[in-house]
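Trainee: Once you've had a glance at the structure underneath, I'll fire off some questions.
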Amino acid sequence: MMPLVLLPPPNSAERSRLLSVNHIRERALERLYARREAVDDLIRSLENYQSHNSDEEECLEFKAGRKCS
């Protein structure tokens, strides 16, 4: 989670400096890289889960027969 930053009053020169275009782009890029890393981790985990479960077919008794997943 990103920390909150309190900004100076809207018409101050300091606020303009803090909100420079490059700063905004850099922060957005940092957030995108963090999200991409999280998505890559999630995909890797799901692939590992899927490959692990496909190796061990689990069967359950289901009424008169068996149901395999």
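Trainee: Taking SER51 as meeting all but one of (1) of a type in the set (Ser, Thr, Tyr); (2) at pLDDT 80 or above; (3) surrounded by 10 or more Cβ atoms within 10 Å (Cβ to Cβ), write down the number of the exception.
Mentor: (3)
Trainee: Conditions: (1) touching an Asp or Glu at 6+ places or on another chain (Cβ under 7 Å); (2) modelled with pLDDT of 90 or more; (3) not small (Gly, Ala, Ser). CYS68 meets all but one. Number of the miss?
Mentor: It fails just one condition, (2).
Trainee: Please list, ordered by first then second residue, the pairs with beta carbon atoms under 7 Å, 6 or more apart or interchain, first in segment 16-36 and within 19 Å of LEU6 (Cα to Cα) and at pLDDT below 80, second among the aliphatic types (A, V, I, L, M) and not in a helix (DSSP H, G or I).
Mentor: LEU18/LEU7
The values are calculated or read from the model by the stated rules, or taken from the named source; none is laboratory data. Nothing here was measured: the structure is a model prediction, and the numbers come from that model. Here the Cβ is made from the backbone with ideal geometry for all residues, glycine too, and neighbour counts use every protein chain on show.
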